[in-house]
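Nothing in this text is a laboratory measurement; each read-out follows from the coordinates by a stated rule. These numbers come from a predicted model, not from an experiment. Every residue, glycine among them, receives a Cβ derived from its backbone with ideal geometry; neighbour counts consider all protein chains shown.
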Amino acid sequence: METSLSYIGLVVAWAAYLAVHSLLAARRVKAAVARRWPASARAYRLIYSLVAAVTLVPLVALTVALNGPQVVAWHGPAWWLAQAAALAAVLGFTTTVRGYDMGQFLGLGNRSAVTEDGRESWEPLRLTGLHRFVRHPWYFFGLVILWTRDLDLAGLVAVLTITVYLVVGSRLEERKLMEAYGDAYAAYRRRVPGLIPIPGRHLAPDEAGELARQANEGDPS
């Protein structure tokens, strides 16, 4: 009974962490903070990143400490395939970093301030590289890395919770992207899968360039 409660507590802890993570990213919350504490608006994204990183540490420690029975184990050729997939995911992740303004993403740039209506500085839509094959490459690579590990029961609980969060979170993020980039993003969404690349569903470089151009016509700068 005590062991079951420990795993239920782990699910609740992960769900609470991810829920807070999403809540703090919500436009209405950012708007409320910007109105109530104007001085913090410029540092909101940096604070958000730090809070996410710091609160993740005890959660990972709790997951490791439970050290339950192993439920996923890769052996033989499957182990080599899993490691190759994970390595490819890490390389893919580092490659896609170039498609983002990492200063703004982490809240280190001068364009990271939150406005009173909860908006952040405009960032152009970039549809280069792997974005032509999957709309959320970071989520895809994260899922590959997570599911190619050997997992005990606690690790499986964590990975399942994170997977659900990424599926739901990607859909919530799409609402913001649709609002920001309009019909061009809707067309991109119809052509390219969200989380898992599908053969035959991708954009040619010139098609991606044209959609990005259309999306960025609304750039207010």
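If I build a Gaussian network model for the chain, linking alpha-carbon pairs within less than 10 angstrom, which residue out of Asp152, Asp206, Asp183 has the largest mean-square fluctuation?
It is Asp206.
Search the structure for amide H atoms under 5 Å from the amide H of Val71, placed 1.01 Å from N in the peptide plane, and list their residues when 5 or more places away or on another chain.
Under 5 Å from the amide H of Val71: Leu151, Asp152, Leu153.
Which of the trypsin sites (Lys or Arg not before Pro) found in the stretch 164-221 are in a DSSP loop and have at most 16 neighbouring Cβ atoms, other than their own, within 10 Å?
Arg201
Treat the count of other C-beta atoms within 10 Å as a stand-in for reagent exposure and order His131, His75 from fewest to most.
Ordered by Cβ neighbours within 10 Å, fewest first: His75, His131.
Considering the dipole of the chain built from charges on the beta carbon (Lys and Arg +1, Asp and Glu -1) around the Cα centre, which of Leu5, Ala32, Val167 is farthest to its positive end?
In the chain, that residue is Ala32.
Rounded if a/c is under 1.5, else prolate if a/b is larger than b/c, else oblate: which is the stretch 2-218, with a ≥ b ≥ c the root eigenvalues of its Cα gyration tensor?
Oblate, because a/c is 1.5 or more while a/b does not exceed b/c.
In debye, nearest 20, what is the charge dipole magnitude of the chain about its Cα centre with +1 on Lys and Arg Cβ and -1 on Asp and Glu Cβ, if you could check?
With only Lys, Arg, Asp and Glu charged at Cβ, the dipole is about 360 debye.
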